[in-house]
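What follows is one structure encoded as structure tokens, with my remarks underneath.
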Amino acid sequence: MSLWRRLSYWSPSNRKAIEQDMQEEMQALEEIAGRRELGNLTLAAEDARASWGWTWLESVLNDVRYGLRVLLKSPGFTLAAILSLALGIGANTAVFSLVYAVLLRPLPYPQPDRLVRVGGYPEVKDVTMPEYEFWKEHVSSFESAAGERGVSDMNLTYAGRQQWVRTTIVTTDFFRTLGVQPALGREFASAETKPGGPRAIVLTNSLWRRLGADQDVIGRTVTTADTSFTVVGVLPAGFWYPEATDAFVPLRASGSVSDRGSNTLMIARLRTGVTLPQALAEMPTITEGFRAAYPEDTDQRYKGLTIESYRDYLVGDTGLKLWLLFGAVTLLLLIACSNLASLLLAKLESRQKEIAVRLALGSGSGRLVRQFVIENSLVGVVGGMVGIAGAYWLLDGLLAVIPFKLPSAGPIHLDVPVLLFALASGLATSLVFSLAPLLTSSRMDVNDTLKSTAKAAGSTPALRRTRNLLVVGEVALSTMLLAAAGLLIESLYRLHQERLGFNPEGVITFFTPSTPQRKSNFAALRIFESNLQEKLRALPGVRNAAAVSLIPLTEKNNFPAQLENHPEKSIGGMEIRFVTPGYFETMETPVIRGRTIASSDTSAAPLVVLVNEAVVRKWWPNGNPLGDRVVIGRFRGKTMIDVNHPEREVVGVVADTRSVYLKEEPRPTVYFPIAQAPWYDYSMNWVVRTNLVPGLAGQLRQAVAEVDPLQRVEDLRTMQQIVASTTRDSRFDAWLFGILAGLALMLSAIGVFGLLSYSVARRTAEIGTRMALGASRSSVVRLVLGQGIVLVAIGLVIGLTAALALTRSLSSLLYGVRPTDPANFATVAVLLLVIGLIAGYLPARRATKIDPVVALRYE
């Protein structure tokens, strides 16, 4: 200390300042000593904060903020990633909504897994009344059983209110078997199902409300044109049955041909603890018992009855269609995810330097994975939300265009299980995509990566192999979808090439249900038919008009039939059609031999019949059917119906028509003059061949009203619409799979293009060196295209192999084409190779334009 400072120390004003300086110096020395003992104070502070227990949240929030910055920094990549996920998740969510509602959601009955359908073996079909009664009585596995026989329209009147309702005919124990207890009253008693017993009816809750919701309705009467019913029950609100119905009436077995035909749906409820296999094991014993009890109804071909889950019965082929559709959109999701994975890998390659720096600074692989999981989860969540929004629109569209019936007990919408599925799909995708950083960081040489350039740092063999595998996978998945779509499109084409047996162009059809005034009045029916036919033919633009009991490709109506004096020539399900004169001319169905139906074929004339070619092939393969006689209602020498039905002379042979199903061979069919019909429900289907002039539909309705103002006109449509309705399932399958296959093909082409474009960018220096050493442009094109074609070829081999197994499940949806059709597979292979060449040509062409001088300075 200097002399001056020593003297000034004793100055009161300076002594305080010097003391403060000394204290600060001593405190600084103490802090230095403390730091040496404690180490890094920032680290110590971090450790202290960690003890509070909330740093993980702060760390996660930091990762979220960082992830958002990274995604917003590359808006093109982010948008492509979100849209790829949204496409796949949206389609999967919409289709899963259908799968859940139809195949997974429990039926609205108590213990629905105990409900089974009982039917003929080997194909589960409807049963006869003798079979129903025998199986119900003798099967010990059944707690209860019931039958149902179709739906019919009825004009019902109650307390001055009139309603057209749909009624279902059922046996006793029907509601007990379903596990449903009426909200008011009871179900049918045994006496009400006997011929001559009291007429009873059970109303659904919706019909009860439409009739006024009378709490005292039980025991009161509802009437139709000729029958009165006593209301014995009202079903609870929310009751559901697959067939849309308003009321139920008892099935009255009378031993008629209807009872002896296989036309009763039988359902049963298994006893508690009895499984489906256990119940199936009992069937052979019951079959033998039925053989012994009803020898006249069985022969060596009779196999008895079998059972299946009631849900499986309701779902039918719809289940296969939905699972195939779900599989197709899942393949599309995988392809979209493959493209997204390629984008993420490209992004990851550009961040290799960042990963190396983090590892060098002490970051662990787990910490890196968490960062990438958060980034990818942000993409997954946003993509999932966009996908769910799109799924709402897509689901509405699917419900509007799906042509087949969806047996769902409730509304189909995006409910909680479906939304959970969508969320799980997005998160699972994000987690899978986050594995790449973990694999990369575990194999990375940090020193080499830090010393390399940015482009070299990203070019690792593992990432290149992964990108190649993704493209191969896309091509393989696209191949499977294309193979399925090709088969369905070919099947649709074959359907449209089938010969119908009539000309649908220019034909308008409509239905005139019977009125109370003509019920059981054959003379009134003949007058109405004759007057309306004359009125229709007189309309401008109408070339011909006729009536038939059933229009082709709509319904079936069959009875047993036998060639006279030849019991060995019998057909158990002969299709029966009643027609007016001019029917074959109106439909332009050729008469092959003999004559057509004439106006002279009245009830007083000799009974005649026309047969189609299918009957001729069975009964007269080498002979002449004209002059022989057919007996309707007789089968193998036994009379099967109560109506007195004399023999009819065959006077003509008409061409085969697709009478019931387009996918079936023409059924044996006979045609009666409608004036000689032995039984008829007095309802008629009209066919009018026209020039399709504007406003003709209104003129047809007006013509009917002029003949009978009380006559209803229903189902007015063209014959082409009816034909189209028979192919709508196949058309829907073909279009839907075609669209999905087209999207898959587009995504695969983008994948190949992206891979080769990236490869050209990475190999700029190599390509420039090759060209500087004398490589031609064609050799460069072959180099680049070769890489793409090899990957496409590998994907093709894998995809075609998988498609051979996949397409076998399409067998029930195909017509006229084999699931392993070689032409289809060859077409798919050529198409994918061409698309691969096109997708690879642009990157290859760009490679030929590289300037060798610039390329050599590229790095």
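The values are calculated or read from the model by the stated rules, or taken from the named source; none is laboratory data. Everything numeric in this text was worked out from a predicted model, so none of it was measured. Ideal geometry is used to build each Cβ from the backbone, glycine not excepted, and the neighbour counts take in all protein chains shown. The area values use the complete protein model at the heavy-atom level, side chains included, leaving out ligands, DNA and RNA. Shrake-Rupley method; radii C 1.70, N 1.55, O 1.52, S 1.80 Å.
Before moving on, here are some points about what is shown:
- Backbone N under 15 Å from the ALA281 label point (7 Å along Cα→Cβ), restricted to the range 110-154: 140-142
- Within the full protein context, the accessible area of LEU71 is estimated at about 20 Å² for a probe radius of 1.4 Å.
- For THR221 and ALA826, the FRET efficiency from 1/(1 + (r/R0)^6), where r spans their Cβ atoms and R0 equals 60 Å, is about 0.30.
- Each label was represented as a point 7 Å from its Cα along the Cα-to-Cβ direction; for SER600 and GLU308 these points are 5.2 nm apart.
- Based on protein heavy atoms only, the range 602-700 ends up with 41 Å² per residue of surface accessible to a 1.4 Å probe.
- Heavy-atom accessible area ranking, 1.4 Å probe, most first, across HIS496, HIS645, HIS413: HIS496, HIS413, HIS645
- For the range 508-514, 3J(HN,Hα) per residue [Karplus equation, 6.51 cos²θ - 1.76 cosθ + 1.60, θ = phi - 60°, Hz, x = Gly/Pro]: 10, 10, 7, 10, 10, x, 5
- Computed label-point distance, nm, for sites GLU714 and TYR294 using a 7 Å Cα→Cβ extension: 3.1
- Sequence of LEU394, LEU814, LEU536 when ordered by accessible area, the most exposed leading, probe 1.4 angstrom: LEU394, LEU814, LEU536
- Two-decimal Rg to Rh for the range 509-573 - Kirkwood Rh, Cα set: 1.12
- Ellipsoid fit via the Cα gyration tensor, the range 582-642: semi-axes of 22, 18, 11 Å, each the root of five times an eigenvalue, largest first.
- Over the range 568-720, the Kirkwood radius and the radius of gyration, each from Cα atoms, give a ratio Rg/Rh of 1.00.
- Summed over the residues of the range 61-208 and divided among them, the accessible surface reaches 42 Å² per residue at a probe radius of 1.4 Å.
- The simple Förster model, with R0 at 60 Å and r as the Cβ-Cβ distance, assigns ARG210 and LEU469 a FRET efficiency of 0.45.
- Difference of contour (0.36 nm per residue) and Cα-Cα distance, THR157 to GLU588: 150.9 nm
- Rounded if a/c under 1.5, otherwise prolate or oblate - the range 791-830, Cα gyration tensor axes: oblate
- For the range 151-271, the Kirkwood estimate of the hydrodynamic radius, built from every pair of different alpha carbons, is 14.9 Å.
- Once the chain from GLU664 to ALA424 is taken as fully extended at 0.36 nm per residue, the excess over their C-alpha distance is 82.0 nm.
- FRET E, pair ARG782, TYR493, Förster distance 30 Å, beta-carbon r, rounded to 0.05: 0.20
- As computed over the range 693-757, the Cα convex hull volume per residue (Å³): 128
- Summarising the amide proton neighbourhood of THR718: residues at separation of 5 or more, or on other chains, whose placed amide H is nearer than 5 Å comprise THR509.
- Paramagnetic label zone (point 7 Å from Cα along Cα-to-C-beta, GLN111; backbone N under 13 Å) in the range 275-319: 275-276
- Shape of the range 468-557, Cα gyration tensor, a/c cut at 1.5: prolate
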